[in-house]
Every structure is written in C-alpha cells, then in structure tokens.
1. Working only within the range 840-851, note down all residues that are at positive phi and buried (at least 17 other Cβ atoms within 10 Å of the Cβ).
2. Going by the structure shown, is THR563 modelled with pLDDT of 85 or more, within 39 Å of the chain's Cα centre (by Cα) and not charged (D, E, K, R)?
3. Right, ARG221: touching a Leu at 6+ places or on another chain (Cβ under 6 Å), over 26 Å from VAL390 (Cβ atoms) and either hydroxyl-bearing (Ser, Thr, Tyr) or assigned by TED's automatic domain parsing to the domain that holds LEU368 (or both) or not?
4. Among the residues of the range 362-373, count how many are within 20 Å of TRP207 (Cα to Cα) and modelled with pLDDT under 90.
5. One residue is enough: does the range 28-46 have a residue meeting the conditions among the aromatic types (Phe, Trp, Tyr) and part of a helix (DSSP H, G or I)?
6. Going through the range 168-186 one residue at a time, which ones are crowded, with 18+ Cβ neighbours inside 10 Å, of a type outside the set (Gly, Ala, Ser) and out of contact with any helix residue (DSSP H, G or I) (no Cβ under 7 Å at 6 or more places or on another chain)?
7. Filter the range 187-199 down to residues that are out of contact with any Leu (no Cβ under 6 Å at 6 or more places or on another chain) and closer than 20 Å to GLN347 by Cβ and give me whichever is surrounded by the most Cβ atoms within 10 Å (Cβ to Cβ).
8. LEU707: surrounded by 18 or more Cβ atoms within 10 Å (Cβ to Cβ), under 30 Å from GLY627 (Cα atoms) and in the same structural domain as LEU608 (by TED's automatic domain parsing), yes or no?
Amino acid sequence: PQLLKQKNAEASIRRRDAYGSFAADFLDSVQGLATLKAFGQSGRRGSELAERAQDVFRSTMGVLFHNAIAQGLTILAITVGAAVALYVGALRVESGAMELAELLVVLMLGVEVFRPLRELSQLFHQGLLGVAAAESVLDVDRATPLTPDAEVQPVEQLEPRIEFDNVTFSYPTGRRPALSDVSFTVEPGRRVGVVGRSGSGKSTLLWLLQRLYTPQEGTIRLGGRDLNELRFADIRAQMAVVLQDTYLFHGSVLANLRFARPDATEDEIREAAQAANAHEFINSLPEGYATVIGERGHRLSGGERQRVAIARALLRDAPMLILDEALSSVDAENEATIQAALDRLMQGRTTLIMAHRLSSVRDCDEILVLDEGRLVERGDHETLLAEGGVYDWLMAGQMTDPSIDGFVDDAPLAERTGAAATSSLAIRDYGGGATEAIVRAEGMGWQETSARLLALAAPYWFKTTLSFLTGVAHFFGAIAVGVIGALMVANVRDGDSITLLAVLLIVVAVLTGLFRFLENWVSHDMAFRLLADMRIALFRKLDQLAPAYLLRRRSGDLVSMATQDVETVEYFFAHTIANAFVSVVIPGVALVTLFIVDWRLGLGLAPLLIIAALSPLFTRRIVDRLGSRSRDHLGALNAHMVDTLQGLREVTAFQRERERKTEFEGLMRDYMPIRGGFNRQISTQRTLLEGLTGYGGLAVLTIGGALAVRGDIDSSLAPLLTLLAMGAFMPVAELAQVGRRLGDTLGATRRLTAVHSEAVAVVDGPGTGADVQPEDGVGVSEGAFASVGFSYEDTPRAALDEVSFDLRPGGTVALVGPSGAGKTTAAHLMLRFWDPQDGKITLEDADLRTYRLDDLRGQVALVAQDTYLFNASIRDNLLVAKPEADEGELLLAIERAGLADFVESLPDGLDTPVGERGAQLSGGQRQRVAIGRALLKDAPVLILDEATSHLDGLNERLVRNALDELMSDRTTLVIAHRLSTVRDADQIVVLDEGKVVEIGQHDQLASEDGLYSRLVRRQLSAAKR
C-alpha cells in the first residue's frame, strides 16, 4: 500500500470533492424541488444529479483501482513470501541445517503471520478516504475568521446610539462598493427609516451593524465605542432583529419564540404573540404553541412565518430594534395590527427600519435614502417628498389614489370573525409522527431487507457471478498455498524432490493475488454502479412525492440518506452477496474433504464451523435494531447541522450559538451509547470467531495427530488438514467482519425503503388532446375552479371549501384575503402539487388530472412568494424556466425584469454565482430573477404569488409594466396583499377561511361593506397615517 500511497491519496481527494459536490447539489435540488417542478425541470435536474452521481462512481473507482492493486500485491507478497520461506526452509532441512519440526512451524505460521498486514490492506483505502474527509473539516477549523471577535472585557451597558462615519464596504464579488462613504447618526430613542432600490445597500447596513462583516474604510460606533473594540455578544445583546428572509427552525412554535429569550414566561410569550397578531392562529394549530412547524417553518404560510418572527423580536425586548422589510409578507389587516404593536414597542427604543413600503417609514424621525451604496438624501417624509428627488420617485405609486379616497377610514376596523385565527392548514397534514410507510419499513426483518437489496442487484447478475467465482478462486488459492506447503514438507520428509511443488507454489501465489485484485474490482464496480442508481432513484421518488412529502422530512436527513445511507449499502453489494456464497462453498469443500479422509476429522470440525457460521445470527436482531437506530440518529445529527448552518444569521443575531451547540452535543450523547452498544456486539462476534478458528485448527490437529499415531492416516496429512480446517474459517470470518457494516446497511436500507414505499398522491394523467398552446407559440388559455374542495390530511376543516371562479382567456383573476385563507393553496392546486378531493379544476375544458404533469406545468409560469434560487449563476437560474433560451431571449427577460443595470454592475455579469438560496443577492434582486424566469418562460398561464412584495416602488413600476404587457394576452392568477397589485384585475375573488366570501371587480367590492372593503380601508388608512 505504501508504494501507491501518493496516487491513492490524490484519488481520495478527487473522490471527496465529487462526493461533496453531489451532496451539495442534492440538498440544493431537494430544497428547490417545488421550483423545479413548477417549471417542469425536475426531470432535467435528475439527469444532472445522475451525472454527479456518476462522477462519484468514477472517482470512487479511481480510489479502489489503486486499493485493489495494493490488496492484490499484498496477497501476492504474503503468499510468495510464505512460499519462499517454505522453500528455503525445505532446502535447509535437506542440507541438515534445520530440523523437520522447525519446518512444520514455518508451514503453520507462514501465512498466519501476515494476516494483520492483509487486514490492514483492506482498511487502507478507508483510512485514506477518512484522511481526505478530515482535511475538509480541518480546512474549516484552520480558517481565519474574516471578522474576528474582539478580545476585550465585557461591557455592562451601552447607550443605544448608532454612528456610521464615512463607511465604505465592498463584497468580494462586487464591481462597485455596496456602501460608499456613508455617514449618519441615530440618536437614542429615535426612529430612522432606510429606503432605496433593491441592492442599494440597506441590508448591508444591518450586516455591518451586527459585525458580520467589517468595513474596509470608516468607522461604525455603538454607544460611542468602535464596533471593532466590542465583543460580538455585547453588540448583538443590544438588538432585536426581524430579517427580510424569515428563518424559523425545525421545532415547535414555542421553541422558535423562546429562541429570542429562553427564560421567557408563558405569559410573556403569549403577550408577544398577541402583539404580533399571531396568538389566535397559533392556538388554532393542532397542538397550539407545541405544534412542530417544520424546517424553515414551511408548514406555515409566508405571513404567518413573518408574524412569528416579529413576535420573536418583540419578546427579545432589546434596547435597539432593527426591522428589515419586516412586513413584506403580511396582509393589510395584520399589517395594521402589527404596525400598531411595533409603534408601541418603538417608543423609547432606537429603531432602524429598512423598508420599501411607505407606511413603514413615513412616521420616522428621519429617513435615509440610499442609491447605489451612497447616502443621497436625508430628512423626514414631508421634506423628502417636497424635494422631488429619489425618495419621491421611490414612493410614487404608493400614495393614496384619489379615486378611492372616499373609502379611507381612520376608524378602527370592525372585528372580523374567525379571520385572525386562520392558519396554514398544511401543517396539519404532517404532525411529525411516523407515516405508515416508515412504520412498515422499520418492521422489516433482515431477510426481507436483504431480499430487497438482492432484487436491486439482479440486473448485475453477470458481475455478481464473476465476483463469486474470483472470490472462490482467491480463497482456494490461499488454502492451496498451505496445502502445497504441507506436501512439500511430506516430500522433504520422504526425501523426494520439491522443485515441481515449489514452482506450483509460486504460480498459485501469483494467481491468488490476481484473483484478489479481480474480486475487489468486479465487486466494487458492481456495488458503486448500484449506489449511483440508488441515489438517483431516491431523488426521482422525492420528485414524485414533493412538495407534500418534504414538509414531513428534514432536508439534512434526506441528504444523509442520499450520501451516508446509500454509501453504507455498498457493503452488502461488494462484500456480502458473493462472500455469502463463498463462505458456504469453501467451508463446505473443506468439511467434505475432512469427512472423506476420516469421518472423525469432519465430525470434530463441523460443530465449530456451524457455530462460526451461525454466530452472526445469534445477535442479528440486536445488531439490526442498533444499526437502524444509529442511522436514524445520524440523520437527525445531519438535519440539525443543516438547520443550524442555514439559519446561522438568526443564530448569531439572537446569540444562540451556545444553545445550538448544546443541542448538537445532546444529539451526539444520544448517538454514542447506541453506537457503543453496536460496536460491543460486533467485537463480541469477532472475538468468538477468532476463538473458533483457533479451536477448529486445534481440534483437527489433535484428532489428526491421534489418527496418525494409530496409523489410520498418513502423518504428513495432519498439518495439511489443519491448514485446510483453518482456511475454512477465512471466508466465514471475513463475512462476519462485514457484519458490523451489515447492521448499518440493513438500517440504512429500511430508511430508504420508507421513502420508496410512500404512495404517490399526484400522478401523470393519460394526456389530453386540449389545445393548450396555439400555433402562435403562446396564446391564451381558459380555466376554472368548479366547486373545489380540498383538505390537507387529518385537518379539522377545509383549506378550500366549494371554491368556484372562472379564469377567462387573457383575463386576470386576483385572489385576496388574510394570511392562511387558502390563496397559495389554490395556486398549488393549479400546478397539481396536490389534487382536490371535491370538484375539479379545468384548463381548456379538460380536468387537470387528465394532463401529464410536465405538459401541464409547461403551460404555467410561476412567481412564488418564497423565491428559490439555486446555488449557480444568474444565467443558470434564469434558464430553469427555459433551458433552450438563447442569449437574446435572456437579455430581453432581464431587461424587462429590471435586472439589466444590476447584471451589468457584476464582475461576471450573467455568469455571477448567486450563492446558496441566492444568498449573494438582496431580497428584491432575488425576486426580480424569479420574475425574469416567468418572463423568459412566456407561458399561456401566469401565476403571481406576491410577485412584487420585495420590490421598491421604482422597480415595482418597471416590473409591473413588463408584467402588465405579459398579462395582456395571458390567463393570469394574481395573489397579493397590496391593493395596487390587484385593483385592475378583471375579477377579484375574496377568500376567508377557505371560502369565497366575495367576488367582483374593485369598484364594486370596495363600495360594499364586506371583507374586501375593510381590507382596502385598513391598507389606505395605513398609507395616509
């Protein structure tokens, strides 16, 4: 192995990189599956992942090629070494320099003395893979923080005064500074708003203030102290933050609220939730505050998540409050209630508000206007409007429209029955318990689990057979070396020539090494091809089950399945299938041989050999159970790690690093005893096998010696038969060594089976002859919701109940209503993420269930409320909508989406990476990329779910003009909270608790005393406040 160490190390690093790339892409793809499916690109992404999986296969075989050579050379060296030692010993006996008894010792120990080296060679490539993996961890550990913590004494109290003094900051990938020479002061107790176009530097202010980054020029002070001279803990203890991208952790609502203040009482938590207008909807959840809301809070609607985040900030009760687009996903009624609570909270607190909405900043003591990283205007609302500059441009269009001034009413809103209690019903579909498929998989015995794995290997029967034959040949060769050696000893004793036997010994030794190489190569080639297939099969199954199933499972756990669990299954394919047959054939031949020589020899060995063969079965149930539990716990560890890393900004903002570390350590403490028990069982098995091997050889040697003394057998046969008996244990012992991994393998297989056993709720239809895309390439489509009723599984009430409305060709239908009223559910049904239980949805008079899924989704362009961008370039993210688009189409789409200037400012233009989930872009920039996708797709049906909620007024107008042009000959479904977004719709459908409570046009509904009118009044009241 040492001869190939350098090559093996290089191959191990290539394999590590390929493995890491696959894991990262798998996580990205799983978390973005809803987006991929909406654009009909999940199949294409599956093919890309398949290529990644093949990269893992190829790089792994590169490692194993060198390892197989090393093992072959090791076996060759062992056998040739034993042969040479035996031959030299025989010559010495012939010359009288050595006793025959001493030659017997050489014969008995010749192969056995090399056994530790043989076992070490089998572990060598695993060690190199471990070293390569450790390097990745050590690289992180050795990395120097770009923003190190200050090593100073803690500060007991800081005055909540913020000062930016000529601050300039550039991101590494930026062509221009994100902030340039910015100076301002926020006095204690003052409320300051920060506005500007998307990407103007608003969120950068927040990151700098929290010391997530350090400016290249200038100074930031807190309470008169340079931030660089304050500890992270002292800075962040002064702030309560509501971020633009709300992140909630997997766990209960209560745990997410307590994230802000772990010692908060139930009364304090309830008060904070009530202030954020979240208490009623939380109480309506299946288990109230104890309800698990899933990873990133996906089981709640966008507005509900944002209200929980606001309640979390209110609970922290810090001297400074920072709101980064805190109300962007909140409907008008909740916005008014929450804004009132925030107004009370902001009294006496230093407050910094980053916002696009006029209602959020107009009452600020001072408003700072940023443009391309520069502070271009400052003043109060009235002054800035009077100046007619950038602020006036940004806020144009958000001012009250004279045509509906009559509806503005500053009186308190009449209380709405039940609406505040509306919640996202998707949460009730997945209470977090084990599904029927999981329960069935966990109950599978080792026989059924093994049968499933054998079925997967069936297409590779030729390689399995070849692996078996080379394995048999390898073990026969290893035994033959001892047998030929024993014959050489007999010839020496009798004075016969040993030359022919010596030549035969060398030939067998060489062949044994060759067969070892072939067995290793063929078995691993088959195994890792199967692993690549299994990884892609897992993704394709998740594709069929998403997005519903992904609400039950944590993405980190699914990545653990695709990487570690699938990797563990390799031990079954490469080390169990062929070895199981070999471990029957070799001992069987040995036993038959002993019975032929003398039945007493066979009878002496048989009980020990049977015990050795059956010993793994004695503890199989315990080992399987511990293996399954350890895989589940390992999946939980990975899930917790992913959740923590993706929510790291919240972890740092709320100073919960120690708590997350403690939780992880707790999971590790739960895992270690299970793993320890597992390893103890395996160690016991191995000890038993070592003892049985020794006792087997001793039994045959004792019986054979006695028979030789009596003259029943030739004395030269005693050592030969002893070596044969010990050789019979070799494949059994090797299979038992695999038993340690086999327990993991069966546990991993059960976890994978649980996914594959899930029933697919939404399947392809037979296809329809409806002409959904006329010859002009786009055209318009007609659709309808007809008495649609839909309930998430195990929910007490319907998410949609008897919902009916028409989608007329080229027309626009707007869905409005409070958070959780069912608006997004309607959009998801339109895309067939779920199917309604009652009624039907039609497109071109054909029930959606008759369409093939990709055909249907090919006719729909979606701009979702939660924009998902993949860890790729801007170009690649746009091409998700239309992979075959040319450069001209791309440039037109980014121009119409208001992205042209932004892309031009980037060093690599369209090829600039956007980071995981688009983290390198601002919220508005991400939303414009999502809109660019819809514009590029140019589909007959357009669904806009809060499509402009993160855009500033200027960009919203630009994008709105492009969308209006696109909507002019498209059938459009608009979901929005903003009045400006829905007022021009041909039809407005008002939803409340899943029911259609009003339907009509804006003027008609605004003149009636219904829910829509009240929502209008509340929103306009907030705008004029």
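1. Taking the range 840-851 and keeping what is at positive phi, we get 844-845.
Matches in the range 840-851: GLU844 only.
2. Judged against the criteria, THR563 is a match.
3. no
4. Summing the residues that are within 20 Å of TRP207 (Cα to Cα) and modelled with pLDDT under 90 in the range 362-373 gives 3.
5. First, pick out the residues of the range 28-46 that are among the aromatic types (Phe, Trp, Tyr): 39.
Checking which are part of a helix (DSSP H, G or I) leaves us with none.
No: zero hits.
6. PRO177, VAL182, VAL186
7. Top of the filtered list is GLY193.
8. No.
The values are calculated or read from the model by the stated rules, or taken from the named source; none is laboratory data. In this text the structure is predicted, and so the values were computed from the model without any measurement. Here the Cβ is made from the backbone with ideal geometry for all residues, glycine too, and neighbour counts use every protein chain on show.
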